[in-house]
Amino acid sequence: MRNLFLLTVTGLWLCLSLPAQNNPISAADSISDNAIIYPESMTEQLSDLLKAWQLDLKGVEADCIRGQNIHFHDSVYTRCLYSMPSEMELSYNSVVKKYIEMYADRKREQVSYMLALGDYYFPMFEQALDKHGLPLELKYLPVIESALNPVAVSRAGATGLWQFMLRTGKGYGLEVNSLVDERRDPHKSTDAAARYLKDLYAIYGDWNLVIAAYNCGPGNVNKAIARSGGKRDYWEIYNRLPRETRGYVPAFIAANYIMSHYADHNICPAHPYNTTVALDTVQVNERIHLEQIAGVLEISVNELRRLNPQFKKDVIPGDFKAYSLVLPSEKMYAFIDKGAEITNFQRNQYLTHRSNTDGYLEGYESSASGNNANVYYKVKKGDNLSAIARRNGISLSQLKSWNGLSSNRIGVGKRLIVGRKEVVKPATDNKEQAAIMPIEGTAGRTGSINQYYRVRKGDTLGKIAHAHGIQVAQLQTWNGLKSTRIGVGDQLIVGMKEVVTPISSPVEKAVEYGRVETSESAGSDIISSYLKKQIEKTEERQLPEAIEDGVGKE
């Protein structure tokens, strides 16, 4: 407390010790406005901001003891603002005073937390502003824009620390899509904001007009200049600006004051736990969910969200392009070492977006009917996806689609789906040779009837697959083909049809399957008769291999 008292006295002495002639009183000092519309960031409830800031308050230091606010004479505020080492004009008037009092009284607790957040954000802002040769006091612009909330969204849709509108953000190179919003990226949005402010200064040459244009757009500022007869002083066009913008420059001036003289008003920073942790950046070039990173690296998802607010749905779509991921330095090396483990960690649970659903249209992807059986292969040392796909007569894209893989990385011991034992296909108008493959059911037996096609001169697998609405890989799998070579006269399975017969049907006796009791059902005679004819056709055509090939067996 003694140190705080000395700091307060010193600050006031420096402000009051300036000679009066160094701070001329201008016409701006007489400005007053009783219809102030406060920026949206100043109307936020502290509880909502604490949630948005994602501060861990369990480790807050207890040495921040906020006393009562101290009110000063107007001359003190005037001299303190004038004495600040600023390139920008920080003048004082009754409107500025209202904002100072608001921060020092009603918003003093919010100021305390923003001071703590400033330990993280302000150095970042200063670096970008210095890079572009801009006044460093612009670092306080996000204080009134967003209350240092990187996920803030205004009623008009402006987003992020610097409150970029969608069109303006994209115009300055910020990516915005369903998964990523770089207006929420502290680093990229800050650089974009610095470039935007620099462009506005090239237009107006006056920082007060620049800040006004940043808030309401150059168009509204130009209209106010035109209506005032061409005057280019912010305070002279004040009453011609939109009401929401009139208080914007005064609020910015007040933010500069309170962030520099908070101790004079008995405000101290709240220091959340781990605000000084060293951070680093790693490039991610695969699709990863933040939950996967959290699960493997043992870091909280909230911490990842706080450091990477640009990922709106907790998904890094790195399969499209590389994205920067901010991590504590101690976790960055672990991320690199455990990259494959993170990618595969509960992938099907967190990344449900399917790359290809052709299989569902063709009827062989779903196993709900009980008629599809996956063929699995356990990855061995030295295996790669291309070789596995080639050995099993399927394409690489099909192998990746079946197993939900977005990259070619596989781990030893992983089980991959490399084929299907049975596929149900509707009947076609081609010549058929049938083989009933019974499957036990609750109400009867399900039979899969193979649809056959005899190869003719000029046929290719691609041509046959296209004619029957299937894929070449399916033809190869169904017929056990290791290549695309076929001969004239070969009979190929080109589809399958499912039929059901009661278990008590006499047809079962004919094929010597065990008798199982079942209930009578209407139409069973018709089905039995149909199946019997199909069996007879099969026997006449002497195709025992259709029964022996194992297709459809559990």
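Readers should treat all values here as calculations from the given coordinates under stated rules, not as data from a laboratory. Fair warning: this is a prediction, and the values are worked out from it, not measured in the lab. Glycine also receives a Cβ, built like all others from the backbone with ideal geometry; neighbour counts cover every protein chain displayed.
Considering the Cα positions of region 70-143, please state its Rg to one decimal place and its Dmax as a whole number of Å.
Values for region 70-143 (Cα only, Rg and Dmax): 13.8, 38 Å.
May I ask you to derive the FRET efficiency for residue 384 and residue 195 from their Cβ-Cβ distance with R0 = 35 Å, giving the value to the nearest 0.05?
Between residue 384 and residue 195 the formula returns 0.20.
For region 374-420, what does the relative contact order come out to in percent, with C-alpha contacts under 8 Å and a separation of six or more?
Here the relative contact order equals 62 percent.
Taking only the C-alpha atoms, wrap a convex hull around region 279-350 and report its volume per residue in Å³ as a whole number.
In region 279-350, the Cα hull volume divided by residue count equals 78 Å³.
What FRET efficiency do you get for residue 278 and residue 322 if R0 is 30 Å and r is their Cβ-Cβ distance, rounded to the nearest 0.05?
About 0.85, to the nearest 0.05.
Rank the residues 223, 139, 457 as a footprinting-exposure proxy: fewest other Cβ atoms within 10 Å of their Cβ go first.
In order of increasing Cβ crowding within 10 Å: 457, 223, 139.
Can you put 182, 109 in order, fewest other beta carbons within 10 Å first?
The most exposed by this proxy come first: 109, 182.
With a sphere of radius 13 Å drawn around the Cβ of residue 406, what net charge do the other residues whose Cβ falls strictly inside it have (Lys, Arg +1; Asp, Glu -1)?
In short, +3.
Taking Cα atoms of region 134-265, Rg/Rh with Kirkwood Rh, to two decimals?
0.98
Of 460, 245, how do they rank once you tally other Cβ atoms within 10 Å and put the fewest first?
460, 245
Mind running the shape call on region 374-420? Use the C-alpha gyration tensor, a ≥ b ≥ c as the square roots of the eigenvalues: rounded below 1.5 for a/c, prolate if a/b tops b/c, oblate otherwise.
rounded
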